[in-house]
Amino acid sequence: GTDPWSFDGPEAPLAVSPLEGDQVDTLTPFLVWSNAFDPQMDPLTYHVEVWTDEAMTQQLSDEDLLQENDPYESFWKLEVPLVENSNAWWRVRAHDGLVYGPFSELQGFFVNATGEVPETPVPIRPLDGDSVAC
């Protein structure tokens with residue numbers, strides 16, 4: 001009774017946090033998403049990917065078969081530490097036991113776990129010995 005030419009797997013989850021342009025204050029942030037919908041109401045697991053570049057050529061983490069945390073949202077704490085003062089990108093997709101659904105939109109964020117002290121200002125002018133007209 002189903003159409004073999006029509007995809008009936010889970011929809012894409014929706015990224016919740018961190019979102020594009022966000023800044024995180026830890027090297028191992030929680031990644032949070034709204035759970036996907038499955039037309040057959042099958043129980044879903046999730047597959048999360050984390051990348052060090054937006055082109056997705058250098059994968060940092062790839063975690064699969066993550067269980068839903070509650071009926072509406074799920075999360076996963078990154079286990080591999082990110083690099084301080086760097087960008088990272090992540091996405092997530094659902095699996096209904098038979099097929100994977102599409103990935104969520106790729107989300108890029110900045111890692112700033114340590115608030116660095118600003119550099120000491122260096123005067124440009126007047127230089128030592130210069131006279132200044134008032």
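Largest GNM mean-square fluctuation across Glu54, Glu119, Glu84, computed for the chain with C-alpha springs under 10 Å, falls on Glu119. In this simple spin-label approximation, Tyr72 and Glu20 carry label points 7 Å from Cα along the Cα→Cβ vector, and these lie 2.5 nm apart.
What percentage of the solvent-accessible surface of the stretch 30-73, computed with a 1.4 Å probe over protein heavy atoms, is contributed by carbon and sulfur atoms? Using a 1.4 Å probe with all protein chains present, the stretch 30-73 comes out at 53 percent carbon and sulfur.
Backbone geometry of the stretch 81-86 corresponds, through the Karplus equation with coefficients 6.51, -1.76 and 1.60 at θ = phi - 60°, to 3J(HN,Hα) couplings of x, 7, 8, 4, 6, 9 Hz, x marking Gly and Pro. Relative to its residue count, the stretch 23-82 spans a Cα convex hull of 107 Å³ per residue.
With the convex hull drawn over the C-alpha atoms of the stretch 13-134, the volume per residue is 158 Å³.
By the Stokes-Einstein formula, at 0.692 mPa s and 37 °C, the stretch 82-134 with its Kirkwood radius over alpha-carbon pairs has D equal to 197 µm²/s. Full extension of the chain between Thr120 and Gln58 yields a length gain of 18.8 nm, computed as 0.36 nm times the residue separation minus the alpha carbon distance. 3J(HN,Hα) along the stretch 23-30: 10, 10, 10, 8, 7, 10, x, 7 Hz, from the Karplus curve 6.51 cos²θ - 1.76 cosθ + 1.60 with θ = phi - 60°, whole Hz, x for Gly and Pro.
Accessible surface for the chain, divided over its residues, is 66 Å² per residue with a 1.4 Å probe.
The values are calculated or read from the model by the stated rules, or taken from the named source; none is laboratory data. What you see is a predicted model, and the numbers here were worked out from it, not measured in a lab. Cβ: placed from backbone, ideal geometry, glycine included. Neighbour counts: every protein chain shown. Surface accessibility is based on the protein's heavy atoms, side chains included, excluding ligands, DNA and RNA. Shrake-Rupley method; radii C 1.70, N 1.55, O 1.52, S 1.80 Å.
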